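See structure below.
Read-outs throughout are calculated quantities, based only on the coordinates presented, and are distinct from any laboratory measurement. As the structure is a computational prediction, the values presented were derived from the model and not from experiment. Note: ideal-geometry Cβ built from the backbone for every residue, glycine included; neighbour counts use all protein chains shown.
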Amino acid sequence: MGSIVKFMQTDEEIMSTFRTIKQLRPHLMEDDFLEKIKRMQATNGYHLVAVIDDNEVKAAAGYRMTESLAWGKYFYVDDLITDEGSRRKGYAKILWDWLIEQAKINKCEQFHLDSGVHRYDAHRFYLKGGLDITCHHFQMKI
């Protein structure tokens, strides 16, 4: 497999991830996707990366590094998805290993992500990847 993990920075690169990310975030609209990503990059330190194979996005992730009193410096994965047609081909593992390595390179003390309670396949992957379920996440729409 000639896969590479690439930072998606140009408008064209960012937009090439839309179809894959929409599979995880179906509420997103294509006409404002680029603007949202660029705003998050500018204000939240959001990084968008993708596994590219044969010039196609096979998996994508959005993450940021931040710090809190509870966790120290930590690596937070906001979005992580493998394209439906590319699952069970090793792309998620390539991206996962790359993300963990980035957390280490950047001297993060912890690695975090939240996952919807209904995403059982993802949970098996995360547990196999070394994550523990350590807390409940609560939310309220405002």
Among the listed pairs K104/K128; K36/K141; K58/K107; K6/K93, which have their C-alpha atoms separated by more than 25 angstrom in this model? K58/K107
Taking only Cα atoms of the chain, the Rg to Rh ratio with Kirkwood Rh works out at 0.94
Could you calculate the FRET efficiency of R88 with I4 from 1/(1 + (r/R0)^6), where r is the beta carbon distance between them and R0 is 22 Å, rounded to 0.05? 0.65
Along the principal axes of its C-alpha atoms, what lengths does region 59-142 span, in descending order and rounded to whole Å? 40, 35, 23
Report the label-to-label distance for L69 and K104 in nanometres (one decimal), using points 7 Å from each Cα along the Cα→Cβ vector. 3.2 nm
How do D31, D121 rank when sorted from fewest to most other Cβ atoms within 10 Å of their own Cβ? D31, D121
Quick one: check the C-alpha center-to-center distance for region 72-135 versus region 1-64, whole angstrom. 16 Å
